[in-house]
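Undergrad: Got a structure for you, written out below as C-alpha cells; questions coming shortly.
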Amino acid sequence: MKRHLAALLCAMILTAIPITTAAALYASVDENGAIHFTNIPSNPRHRTRRVHRADVTTYDDLIREAAAYYSLPAAFIKAVIAAESAFEPTAVSPAGAQGLMQLLPKTAASMQVRDVFDPEDNIFGGTRYLRLMANHFDGDVRLAAAAYNAGPKAVEKAKGVPPFEETRVYVQRVLTLYQHYLQHWSDGR
C-alpha cells in the first residue's frame with residue numbers, strides 16, 4: 001500500500017509543480033499498474049523520460065474541448081490521462097493499451113479512433129468511452145473510472161468497484177487526481 005501511495009504522490013507532484021528545466025527521469029509500471037519514477041536507472045524496466053512543465057499542460061485545450069463536447073468534467077478527463085499515461089502520448093502498456101488515454105485496439109476502433117497516438121484522436125476517443133461508462137453507471141465517476149480500467153462487465157458483476165487490487169488502486173488514484181485538478185487547475189470543472 002505504501003508503494004501505491006508513494007507512486008500516487010510522485011504522479012501528483014509531477015503534474016502539479018512547474019518544472020522549468022528538463023530532468024532525466026526513469027519510469028516503470030509495476031504489476032499493479034502503479035507508475036514509479038526515479039532519477040537513477042537501476043532497474044532495466046525503467047525507460048528514460050524527460051519531464052517538462054508542458055507535459056501536464058500541453059493537452060489542456062484538447063481536454064477542455066473533449067470535456068465540453070461529451071459533457072464531462074475536464075478535471076476528470078485530465079485525471080484519467082495522468083493515471084493512464086502520465087501525459088505520455090506514445091505510451092504503450094504491456095496489455096497493448098496505447099496513447100494518452102491508454103485505449104486498447106478494440107476500444108479505440110469502437111470509439112472511431114483512427115490514430116491512437118494522435119493526442120486529439122486519443123483524447124476524444126477516450127473521453128467518448130468515459131462518457132459511455134458514465135452514462136452506463138448513472139454518472140457515478142467512481143464506477144465510470146472502475147469500468148474504464150476493468151471493463152463494464154466486471155463492474156456489473158461486482159455490483160461496484162471490482163475486487164481487483166489494480167482496479168481499486170487505479171480508481172483511488174483517478175479520484176485523488178480528479179479532486180486535485182478540481183482544486184488546482186483553472187477551468188477544470
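The values are calculated or read from the model by the stated rules, or taken from the named source; none is laboratory data. These numbers were taken from a predicted model, which means no experiment stands behind them. Heads up, the Cβs are rebuilt from the backbone with ideal geometry, glycines too, and the neighbour counts pull from every protein chain shown. Keep in mind that these areas ignore ligands, DNA and RNA; they rest on the heavy atoms of the full protein, side chains included. Shrake-Rupley method; radii C 1.70, N 1.55, O 1.52, S 1.80 Å.
Undergrad: How far is the Cα center of segment 131-189 from the Cα center of segment 84-126, in Å?
TA: If we compute the Cα centre of each part, the gap is 17 Å.
Undergrad: Determine the per residue accessible area of segment 87-144 with all protein chains present and a 1.4 angstrom probe, expressed in square angstrom. Could the numbers behind the result be given before it?
TA: Numbers: 2820 Å² over 58 residues.
Per-residue accessible area for segment 87-144 comes out at 49 Å².
Undergrad: Highest mean first, how do 144-157, 74-87, 122-135, 94-107 rank when packing is the count of other Cβ atoms within 10 Å averaged over residues? Could the numbers behind the result be given before it?
TA: Details: 144-157: 20.6, 74-87: 25.4, 122-135: 22.1, 94-107: 18.7.
In decreasing order of mean packing, 144-157, 74-87, 122-135, 94-107 become 74-87, 122-135, 144-157, 94-107.
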